[in-house]
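Below is one structure, written out as structure tokens, with a few remarks after it.
The values are calculated or read from the model by the stated rules, or taken from the named source; none is laboratory data. Fair warning: this is a prediction, and the values are worked out from it, not measured in the lab. Cβ sites come from the backbone with ideal geometry, for glycine too, and all protein chains shown count toward neighbours.
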Amino acid sequence: MPAPQIVSPIPPHSDLPPGQYEFQDGPWVVESIIVDELGRQTFRSSYDSRTGVLSTLKYLSDGTSTSLNDKGGKSIIVSVFNEKGWIVSQDDVTNGISRAWDYDAAGFIKHSSVEIDARSPSPGQEPETDRVPDFSWTSQDEYFGPYETPALKVLTSDTEGLRVAYDLTGTVTKVVHSFETGALSKTVDQWDDSVGARIPHRHVAYDQTGKIVLEDRFDKAGVLTYETKTLLDGAHYAMNVAADGTHIQITETDGAIRLQEVVRPDGSLFVSKLSTFATVESTPHNDVFTSSNGGATFIFADGFGQDVIRNFHADGPHQDRIIIETGREVNLWSHNGTDTIITVGNGGSDTIILKNVTPDHISLSDLFIV
């Protein structure tokens, strides 16, 4: 073959007659092209002197082609294309990533896969420390064209699993996602929806014994509607949201209710049960608390509003405690002849009414003012 022709200015590649060409593409890149007798490009290469990367594209007689990125004589990325020019595989040698694609007759991707070997050297790895990640994983995706029967799109790996179901319009109708990490052996997200839009979903976490330690459910707007979880001390917590936005919350220890409360739409609390040694904090709204068997602790910070405590144990072995976090003056007054009202400050905006407890059964020394 004759020596390469130096072409300048660079014509459109499709306009090149048969021959071998070499031209400068900017100050740093030299590109070479070979065109056969039928006007087809059978070879193209590009060398970037700044990065030292040589990229070559070879067209084979069967219509397929291969692409190779080379640096310093070492392959970096190798890609293979079919006769239609669609990529069918790619190997990223530097980062240890291999990809593959499969198509149907209409050109839709039917299947794709990824394999990652994190033990392969990567640009971010420091060879002198000999540090290498200790995991590898593979993934596979199944795709279905619009004229095929709806089925699952599946992603699986050593550490993750994902399943997605679609309807005829391509709308996602279900998603299940799981993985393993740390103390949790499995976490699953599930969405179920037959009409599209925002998808209600469910999130479940298991510990390594298979016991559920967390379950969250969300509506189409992404709002949490239900939650159950295991607390750090082993207690069980459950929360459900009613249609009007009211949150019903229960915390149990060994099957016994520690705390049962309602968070009303305005943000205020209505605590119907509070067990011995349990603690509850007031909100800036008007709250109602109920002590079950005494020994409970109620915490109030400045700006807590006008609150009520029912079944307050003013004395005895299980005396309830009131902690008031304030720097203002605190006073006790009789209220309606049968109750005690605790006022914080002079404005009357922060008050605590102890139902059926008269002031002679309580004193300021029974309060913890901090």
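Some observations on this one:
Residue-wise test of (1) among the aromatic types (F, W, Y); (2) assigned to a strand (DSSP E or B); (3) within 24 Å of E31 (Cβ to Cβ).
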| position | (1), (2), (3) |
| --- | --- |
| L54 | no, yes, yes |
| L57 | no, yes, yes |
| S61 | no, no, yes |
| T66 | no, yes, yes |
| N69 | no, yes, yes |
| V78 | no, yes, yes |
| Q90 | no, yes, yes |
| N95 | no, no, no |
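- Within region 198-224, tally of residues that are modelled with pLDDT of 80 or more, among the β-branched types (V, I, T) and surrounded by fewer than 17 Cβ atoms within 10 Å (Cβ to Cβ): 1
- Residue among L224, L214 that alone is under 16 Å from the mean Cα position of the chain (by Cα) and under 20 Å from R264 (Cβ atoms): L224
- Hey, I342 of a type outside the set (S, T, N, Q), surrounded by fewer than 20 Cβ atoms within 10 Å (Cβ to Cβ) and touching a residue at least 24 places away in the same chain (Cβ under 8 Å) or not: no
- Within region 34-50, considering residues that are within 11 Å of G19 (Cα to Cα) and acidic (D, E), the one surrounded by the most Cβ atoms within 10 Å (Cβ to Cβ): D36
- Condition check for K355 on (1) of a type in the set (K, R); (2) surrounded by 15 or more Cβ atoms within 10 Å (Cβ to Cβ); (3) within 20 Å of V370 (Cβ to Cβ): one failure, at (3).
- Scan of region 246-304 for residues that are assigned to a strand (DSSP E or B), out of contact with any strand residue (DSSP E or B) (no Cβ under 7 Å at 6 or more places or on another chain) and either without any contact (Cβ under 8 Å) to a residue 12 or more places away in the chain or surrounded by 16 or more Cβ atoms within 10 Å (Cβ to Cβ) (or both), ordered by number: T253
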